[in-house]
Amino acid sequence: MKTHVFFVGSLLLAAGCATAPGLRTEASTSGIRAAEEVGASKVPQAALHLQLAKEELEHAKGWAANGDKDRAASLLLRAESDAELAVALSREDAEKSEALAAIERVHSLRQDNNN
């Protein structure tokens, strides 16, 4: 029993001394990946925010490596927001293109009906 208590106590002590978890970059990286997948690099405004997100992610990693977790976390939030904005701008551009194509089809059909 004493061995069991000692073992459990050692585990708890080791867990308490473990280093803090690393920087949580999943949301930022997945946001950047999503922006790339929807073609943000082809839409000028979206490409700008995609690039900002990538730079902010890299800067966050640097700040985390230097021990400034608060600044790193703040930059990760900015990176995630910029990536989300890049996705939204890309989708807006795609929807605008689809709407313009639909308007063109309507005009074409009207002209065909008038002739």
Helices (runs of 4 or more DSSP H) contained in segment 1-76 and holding at least 1 residues modelled with pLDDT under 90: 2-17
Residues of segment 82-111 satisfying the condition of being surrounded by 13 or more Cβ atoms within 10 Å (Cβ to Cβ) and either of a type in the set (Ser, Thr, Tyr) or not in a helix (DSSP H, G or I) (or both): Ser90
Condition check for Arg78: touching a residue at least 12 places away in the same chain (Cβ under 8 Å) and of a type in the set (Lys, Arg): yes
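The values are calculated or read from the model by the stated rules, or taken from the named source; none is laboratory data. Predicted model only: the values in this text are computed from it and were never measured. Here the Cβ is made from the backbone with ideal geometry for all residues, glycine too, and neighbour counts use every protein chain on show.
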